[in-house]
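J.: Please read through the structure below; I'll follow up with questions.
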Amino acid sequence: MISISEAFKIIERQVRKLPTETVDLAEVRGRILVEEIFADMDLPPFDRSQMDGFAVKTEDTKSVPAKLKIIGESAAGIGFDGEMNGGEAVRIMTGARLPRGADAVQKVELVKEGEPNAENESFVTILESVKEKQNVIKRAEEIREGERIFETGEIVSENMIAPLAAFGYAKVKVFQKPQVAILATGSEIVEINQKPKQDQIRNSNSMTLKVLAEKCGAEVEILPMVKDDIENLKMQIAEAVGLLHSKVQSPKSKVQNEKSKVQNEQSKIQNLKSKILIISGGVSVGDYDFTKPALRQLGAEIFFERVSLRPGKPTVFANLNETLIFGLPGNPVSAAVTFHLFVRAAILRMQGAKNCEPQKGFAVLQHKIKGAKERDSFLPAFVETNKKGKLVVESLRFSGSSNFIAFARANALVFVPQGKSLEAGEVAEIIFL
């Protein structure tokens, strides 16, 4: 049995980054950047007004009310190209370029505009003084041309789309999405749309793992379930990792063009083979736990098969035909916890993510949480901020790793070191889900 930290290191050593591709900006959310992103211009590109109002010289507003002659207008996209002199003002809109000679903007609520005089000249009265740069964003105040905005390995969020668009990144270079296949095992499981008979349960793991893997950026296929039959399990694993297709040979009786067709189809299948195979169930040591024997008989290299973790001790990590394989426990909570800790890291690392570990934090326990004697525990909990502004942990009524009802309310995992219990009021390390 290995420690959780050892498991992390082994996974890190075995994961290889995927090739890159270029995608349209509209498709880049959730993808991981290959390239660094730089500003191709100053932002803002000119001194810009933050308000609707009048561009003025601060010197002219030292004594108020100050009556100034309106000499023009500056609107967004149509700036005022002249130069302002003392005693003059320019009507200006939010986002518009500040005229030459102006050094501040007084907002429209603090001015009074008069009617044009006989010479058709317009004037505005400034009711309150302004300071230099008031209501103005200076050129390059947000970022200068050539400055780096985002780094390689960052996951593109919704909030990053605007800067990418603003600096001309209509297409973005990212890592390819890993192909992930999910295989549920067990004679007791039936499809979601079936009514379970006695001794049966519905297959909740496959859909859960699919959603979690897609959230990490993977393209996911759910494979047909396999009963507790080692030969069928071996065949399904071999299919998922491309072993069966690589042995396909076209009949000698076929003409050359038929041979080429078969080879092309083989090539397509090889390109689509899973980069990660997630098997849920059958990883323990019972009479009907066939995952590890099946992997060994297929020639897989097993890196670890037990982790000092509660829940999730019988987690398996292996490699077969250049496909990484995770054997996760069949109990739903164990499957979810081990995905968050291990599989998520592998999927993100394949895509070159800068930070592959889950987000950690600290919170105050509301109740005592008991750990395990020989294993570290990551137990489901609900974390929220109390009225005093503290982050607090409300432990869930967790009866075991099959209790997915309690886990459905969890938004964090509480870490309890092996052999310890955490008392109410203690600060605990948490992982946000």
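Where a number appears in this text, it was derived from the coordinates with a stated rule and is not lab data. The shown structure was predicted, so the numbers you read here are calculated from the model rather than taken from an experiment. Cβ sites come from the backbone with ideal geometry, for glycine too, and all protein chains shown count toward neighbours.
J.: Can you tell me the 0 to 90 degree angle between the C-alpha axis of helix 256-271 and the longest principal axis of the chain, rounded to 10?
T.: 70 degrees
J.: Looking only at segment 72-101, which residues have a backbone nitrogen under 16 Å from a spot 7 Å from the Cα of Glu147 in the C-beta direction?
T.: The answer is none.
J.: Out of all DSSP beta bridges in segment 288-433, what portion is antiparallel? Express it as a percent rounded to 5.
T.: 90 percent
J.: Under a GNM of the chain (C-alpha, springs under 10 Å), which listed residue has the highest mean-square fluctuation: Thr22, Thr323, Thr58?
T.: Largest GNM mean-square fluctuation: Thr58.
J.: If the chain between Lys69 and Thr22 were fully stretched, how many nm would it gain, using 0.36 nm times the residue separation less the Cα-Cα distance?
T.: 11.5 nm
J.: When a/c reaches 1.5 or more, the comparison of a/b and b/c decides; with that in mind, is segment 360-432 rounded, prolate or oblate per its Cα gyration tensor?
T.: Because a/c hits 1.5 or more and a/b fails to exceed b/c, segment 360-432 counts as oblate.
J.: While we're on this one: Please state the relative contact order of the chain as a whole percent: Cα pairs under 8 Å, 6+ residues apart?
T.: 16 percent
J.: Sticking with this one: Would you calculate the separation in nanometres between label points at Phe432 and Ala118, each defined as 7 Å from the Cα along the Cα-to-beta-carbon direction?
T.: Going from the Phe432 label point to the Ala118 one covers 7.0 nm.
J.: Have a look at the DSSP beta bridges in the chain and tell me what percent are antiparallel, nearest 5.
T.: The antiparallel fraction comes to roughly 70 percent.
J.: Another question, if that's okay. At a Förster distance of 25 Å, what's the computed FRET efficiency of Met1 paired with Thr385, Cβ-Cβ distance as r, to 0.05?
T.: With R0 = 25 Å, the Cβ-Cβ based efficiency is 0.10.
J.: For the chain, what is the charge dipole size about the Cα centre, in debye to the nearest 20, if Lys and Arg each add +1 at the Cβ and Asp and Glu each add -1 at the Cβ?
T.: 1920 debye
J.: Just going by the charge dipole of segment 48-137, with Lys and Arg at +1 and Asp and Glu at -1 on Cβ, which of Val105, Ile71, Ser122 is farthest out on the positive end?
T.: It is Val105, whose Cα lies furthest towards the positive end.
J.: Please rank Met41, Met225, Met84, fewest neighbouring Cβ atoms within 10 Å first, as an exposure proxy.
T.: Placing the least packed residue first, the sequence is Met41, Met225, Met84.
J.: Rounded to the nearest 0.05, what FRET efficiency do Glu423 and Met207 give with R0 = 45 Å and r taken as the Cβ-Cβ distance? Could you check?
T.: For Glu423 and Met207, the calculated efficiency is 0.75.
J.: Given the rule -39500 (n - 2.57) for each run of at least 4 DSSP H residues, summed and divided by the residues of the chain, what is its mean residue ellipticity at 222 nm, to the nearest 500 deg cm²/dmol?
T.: Mean residue ellipticity, 222 nm, calculated: -5500 deg cm²/dmol.
J.: Within a 10 angstrom radius of the beta carbon, how do Cys216, Cys356 rank from fewest other beta carbons to most?
T.: Going from sparsest to densest Cβ surroundings: Cys356, Cys216.
J.: Roughly speaking, what is the centre-to-centre gap between segment 290-318 and segment 76-138 when only Cα atoms are used, to the nearest Å?
T.: Centre-to-centre distance over Cα atoms comes out at 72 Å.
J.: For segment 360-432, with the dipole built from +1 on Lys and Arg beta-carbon atoms and -1 on Asp and Glu ones, taken about the Cα centre, which of Ala424, Pro380, Ala363 lies farthest toward the positive end?
T.: Positive-end residue among those listed: Ala424.
J.: For the residue pair Ile192 and Asp52, what label-to-label distance in nm results when each label sits 7 Å from Cα along the Cα-to-beta-carbon direction?
T.: 5.0 nm
J.: Would you list Ser334, Ser157, Ser395, Ser280 from fewest to most Cβ contacts within 10 Å?
T.: Fewest-to-most Cβ neighbours within 10 Å comes out as Ser157, Ser395, Ser334, Ser280.
J.: Calculate, in nm to one decimal, what Ala408 and Glu36 gain on full extension: separation in residues at 0.36 nm each, minus their alpha carbon distance.
T.: Length difference between fully extended and current span is 130.1 nm.
J.: Using θ = phi - 60° and the Karplus curve 6.51 cos²θ - 1.76 cosθ + 1.60, what whole-Hz ³J(HN,Hα) does each residue of segment 336-342 get, with Gly and Pro shown as x?
T.: Karplus-based 3J(HN,Hα) across segment 336-342 equals 5, 4, 5, 5, 4, 7, 10 Hz.
J.: So, in nm, how far is label Ala170 from label Glu357 when the simple model puts each one 7 Å beyond its Cα toward the Cβ?
T.: My value for the distance between the label points is 4.2 nm.
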